[in-house]
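Okay, so here's the structure we're looking at.
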Amino acid sequence: MASLSITPALTDMPYGGVHFDPQARTVSRWAVQTVAGIHDWPLPRWENWSLDFRGDDHTQQARLLPTDFPLP
């Protein structure tokens, strides 16, 4: 049985985003608000992963999305 994936339309710009790249073992994160615990990297059991914190710059995250993904 096939499952449907429905992405709701965004009505406001998100406050942040995260992208996990298992091949590169990298977590990319952006946020326009304070991110609690971001300076505690690496988190337990994430020691072999790197954190790419981009502050409030969402452009890298937007490049990782499908080209037809509607940002408000």
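The values are calculated or read from the model by the stated rules, or taken from the named source; none is laboratory data. Everything quoted here is computed from the prediction, not taken from an experiment. Cβ: placed from backbone, ideal geometry, glycine included. Neighbour counts: every protein chain shown. Areas reflect the complete protein model, heavy atoms only, side chains present, ligands, DNA and RNA absent. Shrake-Rupley method; radii C 1.70, N 1.55, O 1.52, S 1.80 Å.
Only residues that are closer than 30 Å to Ala9 by Cβ and either modelled with pLDDT under 80 or open to solvent by less than 70 Å² (accessible area, probe 1.4 Å) (or both): list them for region 30-50, please.
Kept after step one, since they are closer than 30 Å to Ala9 by Cβ, are these residues of region 30-50: 30-36, 38.
Selection gives Trp30, Ala31, Val35, Ile38.
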Conditions (1) at pLDDT below 85; (2) in contact with a strand residue (DSSP E or B) (Cβ under 9 Å, 6 or more places away or on another chain); (3) loosely packed, with under 13 Cβ neighbours inside 10 Å: number failed by Gln61
(3)
